[in-house]
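Have a look at the structure below, then the notes.
The values are calculated or read from the model by the stated rules, or taken from the named source; none is laboratory data. No experiment lies behind these values; they were computed from the predicted model shown. Positions of Cβ are generated from backbone atoms using ideal geometry, with glycine treated the same way; all protein chains shown enter the neighbour counts. Protein only, heavy atoms only, side chains kept; ligands, DNA and RNA dropped before computing areas. Shrake-Rupley method; radii C 1.70, N 1.55, O 1.52, S 1.80 Å.
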Amino acid sequence: MHRTTLWAMALVLASCTPGIQVEVKNPSRYAREAATVEIAWNEISSMHGLSPENVVVLDGNRTQIPSQVIYAGEEKPQALIFQTDAAPGESRRFAITTGQREEYVSKTYGRQVPERYDDYAWENDKVAYRLYGPALETSPEKLITPGIDVWVKSTDRLVIDERYARGQYHHDYGDGMDCYKVGVTLGSGASLPFVEGRFWMMGHNYATQRTLDNGPLRTTFELEYAPFDVAGEKVTLVKRITIDAGSHFSHMENRYTGAAELPIAAGVVRHDVKEFEAGEGWLALREAASDSSDPARDGDIYLSIVLPGAEILPDTLGHALAVKTTADGEPLVYYAGSGWSKGGVSDMEQWTDIVTAQVAALAEPLEVKIRK
């Protein structure tokens, strides 16, 4: 049977499925892979008998696909998410109905790691990261830093717990490692106030943490920092970080409160930079593994910041920066990404394609239509 005929039959079957029909269109000229579709819970909550325990999403073949009810730290559901691929200009149809939810393999995960000085670590099927916690301040390292550490991966498995349990995450056991140096820098993707030509560092690592959602398709957590001085004003910071399955990027929402207006720099510390590219509101670079006894063996790390409307500074204070001014309490929303030469990113051209696809996804998001 012709492929077009099969697709038409699939659409007819989907339209006959009881529940809510959803049409998702990719309006851009870029293919979308594992793109997240998010629907507010109040858009579907009127469906008879629907609950977080029995909501299912069916594709055009009436096959259940993974979905997740999002709580965002609240008691009641806030949204429903699922994912789809879509070619440029392609539309796909789905049905939201009630049924027996299948067991989905989790592709995102995050937690505080009290056994390692209160790190907060998070990952998906492509990348992994950690931020440093309060116990590190009184450890032998006595390190206070806003920096984000990159843990490269060459597997789609979740590996954080395995690596911490092993206690030797600087060695590659076949699925990646920690070969990235942070120190007192932004690492890969943190932000700081950028006033009078300098960074204004917080005086402590994060003070409190809470996990808001945790897989299978999205993990979100929130960190609060104690007030710190910024050019004579006391400023507080709340970070909300989200990672979705299938993405090289974490969604960063940093909210600084206490100053009427602040220029904020989101950036990446420069090590042995081999290639650098930038465009309107984004930067991308390739560098050798920095915290490694054998950088040639451990390959290259690819890094990026996407911050629409930002000024790009390729080399300032030892960092590549995206700088944007925010009002008091206004969230600074940007994306911080990474990849690895031994984990699916072959060269700078491919990495730039990944970054520009992310930029395009923000400029032309998926169009979602709901028919009840």
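Below are the figures for this structure:
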item: Candidates Asp272, Asp315, Asp291, filtered to the one that is at negative phi, of a type in the set (Asp, Glu) and in contact with a His (Cβ under 9 Å, 6 or more places away or on another chain); result: Asp291
item: Candidate set: the range 157-174, residues that are charged (D, E, K, R) and either surrounded by 16 or more Cβ atoms within 10 Å (Cβ to Cβ) or assigned to a strand (DSSP E or B) (or both); chosen: the one farthest from the chain's Cα centre (by Cα); result: Asp172
item: Only listed residue being hydroxyl-bearing (Ser, Thr, Tyr), surrounded by fewer than 22 Cβ atoms within 10 Å (Cβ to Cβ), touching a strand residue (DSSP E or B) at 6+ places or on another chain (Cβ under 6 Å) and at negative phi, chosen from Ser139, Ser188, Ser154; result: Ser154
item: Where a residue in the range 57-84 is among the basic types (Lys, Arg) and its partner, wherever it lies, is open to solvent by 40 Å² or more (accessible area, probe 1.4 Å), with Cβ under 7 Å and at least six apart; result: Arg62/Leu13
item: When residues of the range 105-136 are limited to those that are open to solvent by less than 10 Å² (accessible area, probe 1.4 Å) and of a type in the set (Asp, Glu), the one nearest to Thr219 (Cα to Cα); result: Glu123
item: Condition met for Leu192 (closer than 30 Å to Tyr104 by Cα, part of a strand (DSSP E or B) and touching a residue at least 40 places away in the same chain (Cβ under 8 Å)); result: no
item: Number of the exception - Met201 against (1) touching a helix residue (DSSP H, G or I) at 6+ places or on another chain (Cβ under 7 Å); (2) under 24 Å from Ala310 (Cα atoms); result: (1)
item: Among the residues listed as Thr208, Thr236, Thr220, the single one being polar (S, T, N, Q), more than 21 Å from Val182 (Cα to Cα), open to solvent by 20 Å² or more (accessible area, probe 1.4 Å) and touching an Asp or Glu at 6+ places or on another chain (Cβ under 7 Å); result: Thr208
item: Residue check for Tyr256: open to solvent by less than 60 Å² (accessible area, probe 1.4 Å), under 30 Å from Glu33 (Cβ atoms) and either part of a strand (DSSP E or B) or modelled with pLDDT of 95 or more (or both); result: no
